[in-house]
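What follows is a set of notes on a single structure, which appears directly below.
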Amino acid sequence: MDFKEKALQYIKSNNMSNRKFADKIDVAESTLSRYMKGDYPNPTAIDDKIREFLEKEEKRNSIFIKDSVGFAMTTISKKIINVLEYSYIQKVISCIYGDAGIGKTYTTKNWIANRNDIYFVTVTPTFATPRPFLKLLASKLKTSKTGSQDEVYLEITEKLEGSDKMIIIDEAQHLTKKTLEIIRSINDSTSTAITLIGNELIYNKMLGKTQAEFAQLFSRVGMQSHLLTDLFNIDDIKLVFQNASDEVIEYLLKVSRSKFGLRGATLLYTNAVNNGDTTIKGIKAMAEIMGISLHIA
């Protein structure tokens with residue numbers, strides 16, 4: 001089987017479009033189309049890209065990856081979903097904040113997986129200020145990103161008004177006061193449900209030293225949830241790591257309640273599986289390699 005046939009087989013078995021496959025091997029869709037027709041002048045270059053991609057996929061399929069652990073409805077996941085659903089129905093601003101690695105983003109993405117009326121936006125420091133953030137949001141909404149700041153804003157609000165959509169903003173702690181005020185005004189003018197997700201900073205910005213400055217924004221927050229690693233319990237860990245022994249479960253609970261969170265516990269377990277030893281001895285040995293054991297009593 002040549003690489004063209006392998007590519008066609010992969011596309012068919014994964015119910016994938018040619019465009020998406022072209023993105024995965026980092027070529028233009030038109031280039032892939034010409035290659036498939038036998039009309040591309042340098043097919044060897046495309047062969048190499050397909051080979052590299054399929055080899056990587058084969059390796060992924062042969063090992064246990066962190067996503068194999070799957071989603072579990074933990075105590076924290078329930079709290080996250082309660083806030084999301086409240087904001088979704090009531091069309092208010094809500095805030096989910098707390099420790100890193102406890103499943104805020106993972107739970108949210110699982111919740112929105114089969115919904116078509118939610119825009120999920122991830123903020124980085126690059127998009128902290130109003131204009132870059134509005135351009136990022138416009139990109140998600142597929143409205144114009146060009147023109148002045150107020151023109152981009154108007155395009156966004158016109159798209160949202162009467163649409164009954166929801167916006168979820170992850171890593172919201174990066175946003176400046178002015179950007180948060182713009183988000184408040186979007187909620188005010190369009191009645192769009194908005195959920196802010198982040199660490200302690202997002203809440204501290206509203207209730208810390210600058211409380212007076214953020215009073216107007218905070219008065220719009222319909223629900224908030226403060227999430228800590230301490231909230232994990234033994235039943236949560238049993239749900240996540242269903243095949244683990246009681247000893248391993250107890251150790252993974254300690255990891256989950258530490259600064260490493262559930263994310264760290266999942267990575268630890270994943271690495272132990274791939275190392276071929278998920279006994280308590282194997283888990284602790286891997287924890288030592290990963291530098292986790294130094295922080296677990």
> Of the residues in the stretch 266-297, how many are without any contact (Cβ under 8 Å) to a residue 24 or more places away in the chain, among the β-branched types (Val, Ile, Thr) and not in a helix (DSSP H, G or I)?
Replying inline: 0
>> Please go through (1) buried (at least 17 other Cβ atoms within 10 Å of the Cβ); (2) within 26 Å of Val152 (Cβ to Cβ); (3) among the charged types (D, E, K, R) for Asp99 and return the number of the only condition it doesn't satisfy.
In response: (2)
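Please pick out the residue among Leu154, Leu201, Leu136, Leu180 that is open to solvent by less than 10 Å² (accessible area, probe 1.4 Å) and not β-branched (Val, Ile, Thr).
Answer to the check: Leu180.
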>> So, in the stretch 116-133, how many residues would count as being under 16 Å from the mean Cα position of the chain (by Cα) and surrounded by fewer than 15 Cβ atoms within 10 Å (Cβ to Cβ)?
In response: 1
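Test Thr44 against the stated conditions and say whether it is out of contact with any Pro (no Cβ under 6 Å at 6 or more places or on another chain), surrounded by 11 or more Cβ atoms within 10 Å (Cβ to Cβ) and farther than 16 Å from Glu57 by Cβ.
Details: out of contact with any Pro (no Cβ under 6 Å at 6 or more places or on another chain): yes; surrounded by 11 or more Cβ atoms within 10 Å (Cβ to Cβ): no; farther than 16 Å from Glu57 by Cβ: yes.
The answer is no for Thr44.
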>> Just to check your reading of the model, which residue among Asp47, Asp26, Asp67 is assigned to a loop (DSSP other than H, G, I, E, B) and either at pLDDT 90 or above or within 30 Å of Lys238 (Cβ to Cβ) (or both)?
In response: Asp26
> When you go through Lys79, Lys59 one by one, which is the residue that is open to solvent by 90 Å² or more (accessible area, probe 1.4 Å) and under 26 Å from Phe241 (Cα atoms)?
Replying inline: Lys59
> In the stretch 5-23, which residue that is open to solvent by less than 60 Å² (accessible area, probe 1.4 Å) and part of a helix (DSSP H, G or I) is nearest to Asn61 (Cα to Cα)?
Replying inline: Tyr10
> Restricting attention to the stretch 237-265, and to residues there that are part of a helix (DSSP H, G or I) and without any contact (Cβ under 8 Å) to a residue 12 or more places away in the chain, which single residue is surrounded by the fewest Cβ atoms within 10 Å (Cβ to Cβ)?
Replying inline: Asp246
> Can you tell me which residues in the stretch 28-60 are under 26 Å from the mean Cα position of the chain (by Cα) and of a type in the set (A, V, I, L, M, F, W, C)?
Replying inline: Phe53, Leu54
>> Any residue in the stretch 69-80 that is in contact (Cβ under 8 Å) with a residue 24 or more places away in the chain sitting within a Cβ distance under 6 Å of a residue that is in a helix (DSSP H, G or I) and surrounded by 19 or more Cβ atoms within 10 Å (Cβ to Cβ)? List the pairs, counting only those 6 or more apart or interchain.
In response: Val69/Thr266; Ala72/Val240; Thr74/Asp236; Thr75/Asp236; Ser77/Thr107; Ile80/Thr107
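The values are calculated or read from the model by the stated rules, or taken from the named source; none is laboratory data. All values derive from a computational prediction rather than experimental measurement. FYI the Cβ positions are ideal-geometry reconstructions off the backbone, even for glycines, and counts take in every protein chain you see. Note: accessible area is taken over every heavy atom of the protein model, side chains too, but ligands, DNA and RNA are not part of it. Shrake-Rupley method; radii C 1.70, N 1.55, O 1.52, S 1.80 Å.
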